[in-house]
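Single-structure report; data block below.
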Amino acid sequence: MSLDVQILNALRAARDGAVSGAELSQKLHVSRAAVWARIEDLRSLGYDIEASPHRGYRLLGTPDVLHADDLLSRLGKTKVIGRDIRVFEETTSTNDVIEKLARDGVKEGVVVFAESQTRGRGRLGRKWMSPAKRGLWLSILLRPDLRPQDATRLTVASATALRRAIESQTGLKPDIKWPNDILIYGKKVAGILTEMSAELDHVKYVILGIGVDVNLSQGDFPPELRKVATSLKAELGKPVSRPELAVAVLRELDHDYARIASGQFAAVADEWEAHGTTIGQEVTIRTGDRRIRGRAESLGEDGALLLRTEHGHLERIIGGDVTLEK
């Protein structure tokens, strides 16, 4: 745990809202000068920290920036996800960074955020617009004890976790569109991209990529997306704290990852179906050059969509573009 994390933890935990330099020095086993230097550095990053000769240091406000030590301080202890957080000012794609970490043997649970991406991507190779400091663009490395055919459970669990986090921080009531979209009033506000490396009978690692349009204005979207995409700010009419939302997302993801690991996918699937827009609907699913029409009946035990086709067959669908029939 870095010194900055420990200082932020102490400031947030102070009973009367303030903690003296002497207390920090004694608790953290560093000199008061070292404490002062770290406080000054946090101030330079935008943290509003008051210094009083009588009361000590007090945290009055935090900036809307993603700072790894601040996120770790806010998050606290988790089982897996978020025990290692890294923030980049800019990268090609957070999934690219996680892929390199995965190949280097880094333990699961590491999270990479980027304030902006130059080549952010969504499903099917589509470009994901990632303007600087307007959203949450993150990826997580997981090494689940799953068979490759069961990895779809992670996408399902990620969707339920992301939906809960958004609701808890905004009061909005998002819906889930299979397989990976989070919608508000029918418009996409977030998406999930799951990439996997696996052997024949075992998953080596999964990269869970998430993009959330947080504080974009409608004018930030290209004209062709304005009818189908939205942001939390656009729906609320006011900005949303990205650090607070980021921590909520990681906390809920950690919770649902634990549910998957402990064999509770059925409960996750029930929650998904309760908030999904797809189950019970007549849909058309495009997978490559193939189009399948039918009624979406339920989720399978592996997270796949079970589709009753127009010819009466029950098909198991693990990916594709879904269009709801009017």
Given the conditions (1) open to solvent by 50 Å² or more (accessible area, probe 1.4 Å); (2) at pLDDT 95 or above; (3) touching a Ser or Thr at 6+ places or on another chain (Cβ under 9 Å), report the number of the one that Lys107 does not fulfil. (3)
Using beta carbons and a limit of 6 Å, which pairs, at least six apart or on different chains, have the first residue in region 148-161 and under 13 Å from Ala269 (Cβ atoms) and open to solvent by 10 Å² or more (accessible area, probe 1.4 Å) and the second one assigned to a helix (DSSP H, G or I) and not basic (Lys, Arg)? Arg153/Ile260; Arg153/Phe265
Just name the residue that is surrounded by the fewest Cβ atoms within 10 Å (Cβ to Cβ) out of those in region 162-197 that are of a type in the set (A, V, I, L, M, F, W, C) and farther than 20 Å from Thr94 by Cα. Leu172
Of the residues Gly211, Gly237, which single one is small (Gly, Ala, Ser) and open to solvent by less than 10 Å² (accessible area, probe 1.4 Å)? Gly211
Could you pull out the residue among Lys77, Lys100 that is more than 20 Å from Ser241 (Cα to Cα), open to solvent by 60 Å² or more (accessible area, probe 1.4 Å) and in a loop (DSSP other than H, G, I, E, B)? Lys77
Identify all residues within region 29-40 that are touching a strand residue (DSSP E or B) at 6+ places or on another chain (Cβ under 8 Å) and either open to solvent by 40 Å² or more (accessible area, probe 1.4 Å) or not in a helix (DSSP H, G or I) (or both); write none if there are none. none
In region 162-186, the residues that are touching a residue at least 60 places away in the same chain (Cβ under 8 Å), in contact with a helix residue (DSSP H, G or I) (Cβ under 7 Å, 6 or more places away or on another chain) and not in a helix (DSSP H, G or I): Leu172, Pro174, Asp175, Ile176, Pro179
In this structure, does Gly46 turn out to be touching a residue at least 24 places away in the same chain (Cβ under 8 Å) and small (Gly, Ala, Ser)? no
Selection from region 289-310 of residues that are out of contact with any Ser or Thr (no Cβ under 8 Å at 6 or more places or on another chain) and touching a residue at least 12 places away in the same chain (Cβ under 8 Å): Arg295, Glu297, Ser298, Leu299, Gly300, Glu301, Leu307, Arg308, Thr309, Glu310
(1) at pLDDT below 95; (2) touching a helix residue (DSSP H, G or I) at 6+ places or on another chain (Cβ under 7 Å); (3) farther than 21 Å from Asp96 by Cα; (4) not basic (Lys, Arg): which one isn't true of Val189, the others all being true? (1)
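Okay, residues lined up against (1) more than 18 Å from Glu167 (Cα to Cα); (2) modelled with pLDDT of 95 or more:
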site	(1), (2)
Gln218	yes, no
Leu225	yes, no
Leu245	no, yes
Leu253	no, yes
Tyr257	yes, yes
Ile260	yes, yes
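Residue-by-condition table, conditions (1) in a loop (DSSP other than H, G, I, E, B); (2) open to solvent by less than 10 Å² (accessible area, probe 1.4 Å); (3) more than 21 Å from Ser241 (Cα to Cα):
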site	(1), (2), (3)
Met1	yes, no, yes
Asp16	yes, no, yes
Leu42	no, yes, no
Gly46	yes, no, no
Leu59	no, no, no
Ser73	no, no, no
Gly82	yes, yes, no
Asn95	no, yes, yes
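The values are calculated or read from the model by the stated rules, or taken from the named source; none is laboratory data. All values reported here derive from a predicted model rather than from experimental measurement. For neighbour counting, all protein chains shown are included, and Cβ atoms are generated from backbone atoms with ideal geometry for every residue, glycine included. Just so you know, the surface numbers come from the protein's heavy atoms only, side chains and all, with ligands and any DNA or RNA stripped out. Shrake-Rupley method; radii C 1.70, N 1.55, O 1.52, S 1.80 Å.
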